[in-house]
Amino acid sequence: MRSSITFAVLLALAGYGIQSVPAAANSSTVTANDLARAKALVARMTLPEKIEEVHGEGTHLHPRHIVEIPRLGIPELRLANGCVGVGPADDWPQKPATALPCEMSLAATWNPALAMRYGKVIGREARDLNYGMVEGPDINIARVPQNGRTFEGYGEDPFLTSQIAVAVIRGIQSKHVMAEAKHFDANNQETDRGGINEIIALRTLHEIYFPAFKAAVRQAGVAAVMGAYNRVNGIFCCQNKYLLTDTLRNHWHFKGFVTSDFGATHSTVASALHGLDVEMPKGKYFAGGLQAAVQSGRVPMAVLNNMLIRRFATMMRFHLFSHPPRLHPIPVRRDGRLALHMAEQGMVLLKNQDALLPLDARKIRSIAVIGPYAASAMTGGGGSSHVVPLFTVSPVQGIKTRVGGNVHVMFNNGADIAQAVRLARTAQVAIVMVGDYETEGHDHPLTLSKNQNRLVEAVAAANPHTVVVLKTGSAMILPWVKQVPALLEAWYPGEEDGNAVAAVLFGDVDPSGKLPITFPANATQLPAHTVRQYPGVPVHGSRNLVVHYSEGIFVGYRYYDRHQLKPQFPFGYGLSYTTFHFKNLIIQTPRSPDKADKHLRVTFTITNTGRRAGADVAQLYLGYPSSRAVPEPPEQLRSFTRLVLQPGESKQVSLSVPVRALRYWSAARKSWRPLPGTYRVMVGDSSANLPLQGTVTVTKSSL
């Protein structure tokens, strides 16, 4: 239930306006004028002033802060975490903000337009709270679902992750706030994250772990990139020349700046020479040590100057010199409504036997709401992304509000299974809410903790009308799935948890979410299922682990498909309260003489064959020509679109894939190479439901 402090906050923040910022939107990259101004500014700085600007202040009161220099008109830069709302920042105590549904929930919407609105909320609230930059989004691929930060990311597929990430970044930066894509690169587990050495083939890096960052740079014009804690192929990310210089700057032409994750810097000279611009949270290596290195010539002054020019020019691009952020009231009600809508759209209906859902409040007289995740709103995971919510709506309160006074809603937290069973037997419907709590710094098992599995089994046995609502940030192994008639994945819904869950359970909203991550049937199915693959093994007596990415490009559903494994729930899967039919596949071979406009185009028709309006996500997968020399997965997601259809309505859909996507990364040639041959074309609404299939031959000349 909303606490009394909630109403005080609402009253205090009821009146709000728009901050005064330039009307013109920021450009997608720094301009020549920005660079010229930044160079002129740096030329006026003394060496101590320059050193002061390449690391954070790092005090208890200012953990995310780079100081101002009033003499030169250099403003302070105040940072906030910004993955799922404005999180820990340059303030103590942390300021409240809108607690959005987790990023995994956002990915489950498969809706870039909604993702842009998500980013706009974060960007606007960050600026309203006086921050010029947010440390987010987290766009690391979910290589292992056990990763403690899986809930912060967008799942296991590089294309889906890229599309959602680009939209979120554009949304954040449209509000004159800098976004920071993190963690570059391959920060895919929390176990030994500070010292782990990940052995990753270059093809795997370029095809799986680089694409989202490349899209963030080239398509979204992201302001900053955060270097990761881990090592890639023996070298720490924040001093890794192949990552920061060869790839990020030289190959992708990134014009922004690079900061370290907190404490992820491990050197002075190597980090400065190989592409790190700012050490966070303070100057262990980039304070006195860097000044001495510059004075001795080990780090040329030109290198230090460029570190500053990149950041200052980027800040100028976002008008942070001329129009710095200032405190401003947050539009609590408006952003709360957006958080509610986003949570509803991200929920995935995994099972609905005998059409138990949606529930009809007109025909129900009693409901038992049971479980540890029914008592209060699940606003997010732990760690640096944690948001202090402006208000919360508990699941019990949300259900009571939805059904009204004619339905008796009872609650039991499930700690005593016998009591929970007795309550379930007295109710017409039992709703069991179980889940996990993922957090930065720790990985987690894929099984529900404590007595939650036994609770579900016992309640399902006691009441045949049992609905299970999952509040998880990642895939889970569900041993009881065959025993329950209905299962809804709600993820971490954010501050509007109770209202969002109730809206889907009672059919006010059609569930249209699709899984951005595969749910395995058991742990042996996981792509990284050996100790060498995860969590890693020590080598030569070192206390740090070495992880071998020996699954290569076969991450997530690519692995399941290659080995013909049937997961519990496949990538892209999600049910609706209505049904859809796909037909009339037409494939158009790329023939355009203009290489910039060459696309493989696919058209088809989708029809709502049910009795109510609903939404579906049409997904286009390609099966690349595979060989021993260049092995390819059976299918790869290459395009998608979300459609809302009325009962009986049909729409013709057109999806396209640029021919530049019909390539593979050649480590030998150190470049993308065309892959001519026969491609399988598959269309449907999950990786396991692709009713429309055909082939197309792509010649070398068309590539």
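Laboratory data are not the source of any read-out in this text; all were calculated from the coordinates shown. The shown structure was predicted, so the numbers you read here are calculated from the model rather than taken from an experiment. Note: ideal-geometry Cβ built from the backbone for every residue, glycine included; neighbour counts use all protein chains shown.
Under Stokes-Einstein, with the Kirkwood radius over Cα pairs as Rh, the value for the range 334-505 at 37 °C and 0.692 mPa s is 205 µm²/s.
Taking every DSSP beta bridge with both residues inside the range 29-317, roughly what % is antiparallel (nearest 5)? Antiparallel bridges make up about 25 percent of those DSSP assigns within the range 29-317. For Cα Rg over 2.2 N^0.38 Å, several values are listed as (i) 0.96; (ii) 1.60; (iii) 1.03; flag the one computed from this structure. For Cα Rg over 2.2 N^0.38 Å, the calculated option is (i). Between the range 496-556 and the range 127-200, the alpha-carbon centres lie 15 Å apart. What does the net charge come to around Lys471 if you take all other residues with beta carbon closer than 9 Å to its beta carbon, with K and R at +1 and D and E at -1? Local net charge: -3. Quick check on the chain: of the DSSP beta bridges with both residues there, what percent are antiparallel, nearest 5%? Taking every DSSP beta bridge with both residues in the chain, the antiparallel ones total about 60 percent. In this structure, the pairs whose alpha-carbon distance is over 19 Å, taken from Lys598/Lys670; Lys50/Lys175; Lys351/Lys651; Lys598/Lys700; Lys598/Lys651, are Lys598/Lys670; Lys50/Lys175; Lys351/Lys651; Lys598/Lys651. Electrostatic bookkeeping for Pro647 treats Lys and Arg as +1 and Asp and Glu as -1; over the other residues with beta carbon under 10 Å from its beta carbon, the sum is +1. Taking a sphere under 12 Å around the Cβ of Val681 and counting the other residues whose Cβ falls inside, with K and R at +1 and D and E at -1, yields a net charge of +2.
If I model a spin label at Ala113 and His540 as a point 7 Å from the Cα along the Cα→Cβ vector, what separation in nanometres do I get? Between Ala113 and His540, the label points sit 5.6 nm apart. Highest average first, the peptides 634-642, 257-265, 133-141, 342-350 ordered by how many other beta carbon atoms sit within 10 Å of their residues are 133-141, 342-350, 257-265, 634-642. Each Cα pair under 8 Å and six or more residues apart adds its sequence gap; the mean of these over the residue count of the range 577-698 is a relative contact order of 28 percent.
Note on Arg298 and Asn33: their simple-model spin labels are 4.2 nm apart, each label 7 Å out from Cα toward Cβ. Going by alpha carbons, how many degrees (0 to 90, nearest 10) lie between the helix axis of 417-426 and the longest principal axis of the chain? Taking Cα atoms only, the helix is inclined about 50 degrees.
To the nearest ten degrees, helix 301-317 and the longest principal axis of the Cα atoms of the chain are 50 degrees apart.
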